[in-house]
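The values are calculated or read from the model by the stated rules, or taken from the named source; none is laboratory data. On a predicted model such as this, the values are computed, not experimentally measured, just so you know. No Cβ is skipped: glycine too gets one built from the backbone with ideal geometry, and neighbour counts run over all protein chains shown. We work out accessible area using only protein heavy atoms, side chains counted, and drop any ligands, DNA or RNA first. Shrake-Rupley method; radii C 1.70, N 1.55, O 1.52, S 1.80 Å.
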Amino acid sequence: MSHNGSHIAAPTVAIAYHSGFGHTAVLADAVAAGARDAGADVTVIAVDRMTDEDWDVLDGADGIVFGCATYMGNVSAGFQAFAEKTGRRCQNGSWRDKVAAGFTNSGAKSGDKLNTLTSLAIFAAQHHMHWVNLGLGAGWNSTTGSEHDLNRLGSWLGATAQTDVDVSPEQVHPADVETCRHLGRRVTLVTRQLNLGRAASIPAASSAPAR
């Protein structure tokens, strides 16, 4: 986390995702675009193709947004394999106090996506990270709403998307893409606020009388 006197560097945000068929990759790119829109330095990482450099990026990031498809009512096997490789980092507190958030996609309208978001949030909590919710009211829940509303699936813990299993990644619903873009912006805002707060607290701590 970069602090230099009164100057605060752009927040560094990593998008760590697993995508089986390309749909979740589209959402990861949308989260990244939203984070960049808000001024973050962003890296997108496919967790099933991790390199040593990718691990360094995650360790150095101010915030990490986790994403995967929902398979059989939970995180994908590819994401779980990645999560299990972080055990040492969990024990060492390597990601402690980083910002975290999550997103997921399924073929079914419900698909038990909440269970996946809960798993991602618990994973973040095990690393002592600060989870950021979606920050949107539910869309498409009245006669004046439509499937083009942000948060059209009505999720609060994170961003959710629904994509028919037999369509190409280019056909991910535009409203879901924009909802993920919103998540990226929100994570960047919260990360910047947290970094500013930390920077502001340093002089106060250093000037405290010795005990």
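Can you tell me how many residues within the stretch 36-68 are open to solvent by 10 Å² or more (accessible area, probe 1.4 Å), of a type in the set (A, V, I, L, M, F, W, C) and within 15 Å of the chain's Cα centre (by Cα)?
Total satisfying the criteria: 6.
Of the conditions (1) open to solvent by 50 Å² or more (accessible area, probe 1.4 Å); (2) not in a helix (DSSP H, G or I), Gly20 clears all except one; give me its number.
(1)
Matching residues to (1) open to solvent by less than 40 Å² (accessible area, probe 1.4 Å); (2) of a type in the set (D, E, K, R); (3) under 15 Å from Lys98 (Cβ atoms):
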residue: Ile122; (1), (2), (3): no, no, no
residue: Gln126; (1), (2), (3): no, no, yes
residue: Asn133; (1), (2), (3): no, no, no
residue: Glu147; (1), (2), (3): no, yes, no
residue: Gly158; (1), (2), (3): yes, no, no
residue: Val165; (1), (2), (3): no, no, no
residue: Gly184; (1), (2), (3): yes, no, no
residue: Val187; (1), (2), (3): yes, no, yes
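Would you say Arg185 is of a type in the set (Lys, Arg), more than 19 Å from Gly78 (Cα to Cα), in contact with a helix residue (DSSP H, G or I) (Cβ under 8 Å, 6 or more places away or on another chain) and modelled with pLDDT of 95 or more?
In short, yes.
If Gly107 satisfies all but one of (1) out of contact with any strand residue (DSSP E or B) (no Cβ under 8 Å at 6 or more places or on another chain); (2) open to solvent by less than 50 Å² (accessible area, probe 1.4 Å), what's the number of the condition it fails?
Every listed condition holds for Gly107 apart from (1).
For the stretch 174-190, what are the residues that are of a type outside the set (D, E, K, R), farther than 17 Å from Val44 by Cα and in contact (Cβ under 8 Å) with a residue 40 or more places away in the chain?
Listed by number, the residues that qualify are Thr179, Leu189, Val190.
So is Glu170 open to solvent by 50 Å² or more (accessible area, probe 1.4 Å), closer than 19 Å to Asp29 by Cα, modelled with pLDDT of 95 or more and among the acidic types (Asp, Glu) or not?
For Glu170, the condition - open to solvent by 50 Å² or more (accessible area, probe 1.4 Å), closer than 19 Å to Asp29 by Cα, modelled with pLDDT of 95 or more and among the acidic types (Asp, Glu) - is met.
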